[in-house]
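First the structure, in the form of structure tokens, and then the observations on it.
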Amino acid sequence: MSFWLMKSEPEVFSIDDLSARRGMTTCWDGVRNYQARNFMRDRMRIGDRAFFYHSNCPEPAIVGIVEVVRAAYADHTAFDRRDPHYDAKSNREHPTWYMVDVKLERKLARPITLDALKTHAAGALAGFLLLRRGNRLSVIPVAAEHWKFILALE
DNA sequence: GCCAACGTTGGC
DNA sequence: GCCAACGTTGGC
């Protein structure tokens, strides 16, 4: 099993939005970055776990844990001309963009803030891509040791 | 294939 | 709202 971190802007789609979904499950659409896509398409498996991270908001933080319940399949929002994530170069025969389905496992008892994570940037969390300066990846692999360490911060 | 211009991300 | 970082685009 692999571990991940997936970013979402809470004003667009928050952990509570996920919690309110039927089956607490959603498709993770709208990823339009090749590196993030490759992680989802080539390396994510059913049963993998991911931190649900709130980005671009007053308190950036890990706020929950989700489980991958469907492996990568074509992101249909790329085919819809009226969708903000429409991309003319993707089509059903040869999709450019993919998504997975994730299900909320649980909200954290309290958010683990980016500030708290940064405290360990030079120590236990050295190498964690989220803490790399200028990081803009929306789907990030998390080393098993990092996963365990972060959860202990809860 | 280089690289300047441009758009997006995301912390602050 | 600002701006640094960085990915993408497109002219050459």
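Every read-out reported here was derived from the displayed coordinates using simple, explicitly stated rules and does not represent laboratory data. In this text the structure is predicted, and so the values were computed from the model without any measurement. Glycine gets a Cβ as well: all are built from the backbone with ideal geometry, and neighbour counts include every protein chain shown.
Per-residue ellipticity at 222 nm from helix content only, as computed over chain A with -39500 (n - 2.57) for each DSSP H run of at least four residues, stands at -4000 deg cm²/dmol.
Are there chymotrypsin sites (Phe, Trp or Tyr not before Pro) in the stretch A:25-93 that DSSP marks as loop and that have at most 16 other Cβ atoms within 10 Å, and which are they? Don't skip to the answer; put the middle values down first.
On the way: sites: A:Trp28, A:Tyr34, A:Phe39, A:Phe51, A:Phe52, A:Tyr53, A:Tyr73, A:Phe79, A:Tyr86; in loops: A:Trp28, A:Tyr86.
Answer by residue number: A:Tyr86.
On full extension, the segment bounded by A:Ala71 and A:Leu131 gains 18.9 nm, given 0.36 nm per residue less the C-alpha separation. Averaging the sequence gap over all C-alpha pairs within less than 8 Å and six or more residues apart, then dividing by the number of residues, gives the stretch A:1-121 a relative contact order of 30 percent.
The trypsin sites (Lys or Arg not before Pro) of the stretch A:71-154 that DSSP puts in a loop, and whose beta carbon has at most 15 other beta carbons within 10 Å, are A:Arg81, A:Arg82, A:Lys89, A:Arg92, A:Arg132, A:Arg133, A:Arg136. Within the stretch A:33-130, the GluC sites (Glu not before Pro) that combine a DSSP coil assignment with at most 11 other C-beta atoms in a 10 angstrom radius are A:Glu93. If the chain linking A:Ala20 and A:Thr119 were pulled fully straight, counting 0.36 nm for each residue of separation and taking away their Cα-Cα distance, it would gain 32.4 nm.
Here the simple spin-label model places points 7 Å from the Cα toward Cβ, and for A:Cys27 and A:Ala109 these points are separated by 3.7 nm.
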